[in-house]
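The values are calculated or read from the model by the stated rules, or taken from the named source; none is laboratory data. Not measured: the values here are computed from a predicted model. Every residue, glycine among them, receives a Cβ derived from its backbone with ideal geometry; neighbour counts consider all protein chains shown.
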Amino acid sequence: DVQMTQSPSNLAASPGESVSINCKASKSISKYLAWYQQKPGKANKLLIYSGSTLQSGTPSRFSGSGSGTDFTLTIRNLEPEDFGLYYCQQHNEYPFTFGSGTKLEIK
Amino acid sequence: QVTLKESGPGMLQPSKTLSLTCSFSGFSLSTSGMVVSWIRQPSGKSLEWLAAIDWDGDKYYNPSLKSRLTVSKDTSNTQVFLKITSVDTADTATYYCARSRDHGGFAYWGQGTLVTVSS
């Protein structure tokens, strides 16, 4: 299985700031990395897939980069609704695997 | 509009078989490239992909649980099922079904159904 190492586990930032979340795969997954946002009471939301492709409806302040084993999710100009849990997931091969998650909190 | 909804027993006893149903609308699982997966999340923990079935009827399983899992779909391609045998307390989690397409991520998720394994 491809192990996904996500960092940091916790992140505190203020609205208007920029943050980055990293995800490292235990072997190359080409470009096939997705990012999700999870909030209580809401369906999990796909933000980015294939490393850098924004899912329809994802605001342009979100961006993804990387290929091979190292990937980054960057959120610029944080909005209050951006706070929550974020997960990375490799969709290159079965079994699909997720990172351990990053909790983005308001400072 | 694509929607998915999971249903399950809520609670069951250890050693029993867990049966879950994913009812969906807004797409056909017989369309080329469509895949429905089952994913679970214990409270406070990360997500674990369990199994998938694709438009062609091919099935994929997490090797760590493969001997206990069976994924299937109905002939009308509007429901996907998951059975997990010999459950124990470690199977307590919220279970989600989600749709992906071709080589993409899970663009659509259900709200999840909480399953508690307890005697």
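Filtered by the rule that a residue be buried (at least 22 other Cβ atoms within 10 Å of the Cβ) and in a strand (DSSP E or B), the stretch B:99-108 gives B:R99, B:S100. Cβ separations smaller than 8 Å between residues 6+ apart or across chains give the following pairs from the stretch B:98-119 residues that are on the phi > 0 side of the Ramachandran plot to residues that are surrounded by 21 or more Cβ atoms within 10 Å (Cβ to Cβ) and not in a loop (DSSP other than H, G, I, E, B): B:G112/B:E6; B:G112/B:Y95; B:G112/B:Y96. Among the aliphatic types (A, V, I, L, M), away from chain A (no Cβ under 14 Å), more than 10 Å from the chain's Cα centre (by Cα) and not in a helix (DSSP H, G or I): does that describe B:V115? Yes; evaluated as a whole, the condition is true for this residue.
Look at the stretch A:62-91: where a residue is over 16 Å from A:Y36 (Cβ atoms) and a partner is aliphatic (A, V, I, L, M) and surrounded by 16 or more Cβ atoms within 10 Å (Cβ to Cβ), sitting 6+ places away or on another chain with Cβ atoms under 6 Å, you get A:T69/A:A25; A:L78/A:A13. Exactly one residue out of B:T70, B:T78, B:T17 is modelled with pLDDT under 95 and in contact with a strand residue (DSSP E or B) (Cβ under 8 Å, 6 or more places away or on another chain), and it is B:T78. Output yes when any residue across the stretch A:95-106 is over 29 Å from B:Y61 (Cα atoms), of a type in the set (S, T, Y) and within 14 Å of another protein chain (Cβ to nearest Cβ), and no when none is. No, every residue in the stretch A:95-106 fails to be over 29 Å from B:Y61 (Cα atoms), of a type in the set (S, T, Y) and within 14 Å of another protein chain (Cβ to nearest Cβ). When restricted to residues that are at pLDDT 95 or above, within 11 Å of chain B (Cβ to nearest Cβ) and on the phi > 0 side of the Ramachandran plot, the stretch A:11-58 contains 4.
Hey, can you tell me all the residues within the stretch B:27-44 that are without any contact (Cβ under 8 Å) to a residue 40 or more places away in the chain and closer than 28 Å to A:L85 by Cα?
Step one: filter the stretch B:27-44 for residues without any contact (Cβ under 8 Å) to a residue 40 or more places away in the chain, giving B:31-32, B:44.
Hit for the stretch B:27-44 is B:G44, nothing else.
The numbered conditions (1) within 13 Å of the chain's Cα centre (by Cα); (2) modelled with pLDDT of 95 or more; (3) surrounded by 14 or more Cβ atoms within 10 Å (Cβ to Cβ) are all true for A:P8 except (3). Of the residues making up the stretch A:61-74, not a single one is within 14 Å of another protein chain (Cβ to nearest Cβ), over 9 Å from the mean Cα position of the chain (by Cα), surrounded by 18 or more Cβ atoms within 10 Å (Cβ to Cβ) and not hydrophobic (A, V, I, L, M, F, W, C). Those strands (runs of 3 or more DSSP E) of the stretch B:1-98 in which 3 or more residues are within 14 Å of chain A (Cβ to nearest Cβ) and farther than 18 Å from B:G110 by Cα occupy B:59-61.
Highlighted here are the strands (runs of 3 or more DSSP E) found entirely within the stretch A:15-67 that include at least 2 residues which are of a type in the set (G, A, S) and within 15 Å of A:N92 (Cβ to Cβ): A:62-67.
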